[in-house]
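Notes follow once the structure below has been shown.
The values are calculated or read from the model by the stated rules, or taken from the named source; none is laboratory data. Everything numeric in this text was worked out from a predicted model, so none of it was measured. We place every Cβ from the backbone using ideal geometry, glycine too, and count neighbours over all the protein chains shown. These accessible areas exclude ligands, DNA and RNA; they are computed on the full protein's heavy atoms, side chains included. Shrake-Rupley method; radii C 1.70, N 1.55, O 1.52, S 1.80 Å.
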Amino acid sequence: MLYTLLLIAGFAALIYGAHLMIESASSLARRMNIPNIVIGLTIVAFGTSAPELIVNVFAAVNKNPEMVMGNVTGSNIFNILAILGIAALYNPLMVNRQTTWIEIPLALLAAVVMLVMASDVFLDQSATMVISRSEGIVLLMFFMIFLAYNISLSVKGGNEDEVPSKDYTIAKALMFLALGLGLLIAGGRAIVYSAVELARLAGMSERVIAITIVSIGTSLPELAASVVAARKGNVDLAIGNVVGSCIFNTFLILGASATIFPVSITPAANLDLMINIVASILLFAFLFTGKGRQIDRWEGLVFLSLYVGYISWLLMA
């Protein structure tokens, strides 16, 4: 019971800390006359991925590779199958051409790259499967290319949409920024510690705990943002938020985790890597069924059914 309460408190601290950090950093950046483009693509984008990043950094430092890999693959699978499934049930998701031909294929590429890097046994006849530090650096390089692409796209399009933020004084923004970072760190440590202990007490692997409880908890900000966007008819934001998060998870978060400490992979994780690829392939394929470049309600139901089936199989195995 104690570890469950600690886990819940960790999620609350993590999510509120990320929210506080985004608002205070955005306010501080605006007072320093930093363009909205830069704020949106750096502070806000990094802030929404902060829960997964902080959890994985602590898992890497504590040498919990199953937690690292499980959180990344679990978050990606949850993003596509659960979040897009729920969002599509609210409102069919029309996908623009750029997302169809660049960003979704890039998310699929990220899933394939992750599988290739994890396939040492098959490709190199190695005795173990591991994503090394050098491969982590390669993933971070992929992320830098993706970030540069987004910045050039925003500058080219002249997108200067207002980024919502509080109007704090500099002193107040710095205080809340420090508080937000403190909550992120405390929440991340609490989640990793309590999740490992819960797995031990329940006789479950860290991988299953990470894929189910941890990845869902750290993906709650994306779930809330996408469902609200879908209900308001802002489908570009709903799907862009999910696809961007998948790319961030693989290139930035897994890359940073592997750079800190090589991520060893258990044979059981091969299933998760394959489900991740299947989800990405289905997302791309569904854009060419029915009316085209649209995820319909029945396709959202397929996504949700697959996710429920996958999680059920994990828990019963």
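For the reader, a short list of remarks on this structure follows.
- Percent of alpha-carbon pairs separated by more than 16 Å within the stretch 251-317: 62
- Cα shape, the stretch 170-314, gyration tensor, a/c 1.5 rule: oblate
- Accessible area per residue for the chain is 44 Å², calculated with a 1.4 Å probe on protein heavy atoms, without ligands, DNA or RNA.
- Charge dipole (the chain, unit charges on Cβ, about Cα centre) - positive-most of Val113, Phe78, Pro92: Pro92
- Whole-percent carbon and sulfur share, accessible surface of the chain, 1.4 Å: 71
- Dividing the convex hull volume of the alpha-carbon atoms in the stretch 208-275 by its residue count gives 100 Å³ per residue.
- Probe 1.4 Å - accessible area at Ile209, Å² to nearest ten: 10
- Legend: Rg and Dmax of the stretch 1-147, from Cα coordinates, 18.2, 55 Å.
- Whole-number D in µm² s⁻¹ for the stretch 92-240, Kirkwood Cα-pair radius fed into Stokes-Einstein, 37 °C, 0.692 mPa s: 167
- Between amide H atoms placed 1.01 Å from N, distances below 5 Å from Val95 occur with Gln294, Ile295, all of them 5 or more places distant or on a separate chain.
- Extreme residue, positive dipole direction of the chain, given options Ile131, Ala171, Asn249 (C-beta unit charges): Ala171
- Net length gained if the chain between Leu301 and Leu179 were fully extended (0.36 nm per residue, minus Cα distance): 39.9 nm
- Given charges at Cβ of Lys, Arg, Asp, Glu: the stretch 201-317 dipole, positive-most of Tyr307, Ser226, Asn270: Ser226
- Its Cα centre serving as origin, the chain has a Cβ charge dipole (Lys and Arg +1, Asp and Glu -1) of approximately 420 debye.
- Amide proton proximity set for Ser264, modelled H, under 5 Å, gap of 5+: Ile131
- Cα gyration tensor shape for the stretch 169-231, rounded if a/c is under 1.5, else prolate or oblate: oblate
- Evaluated at q = 0.08, 0.09, 0.11 Å⁻¹, the base-10 log of the normalised Debye intensity for the chain, with identical point scatterers placed on the Cα atoms, takes the values -0.34, -0.44, -0.67.
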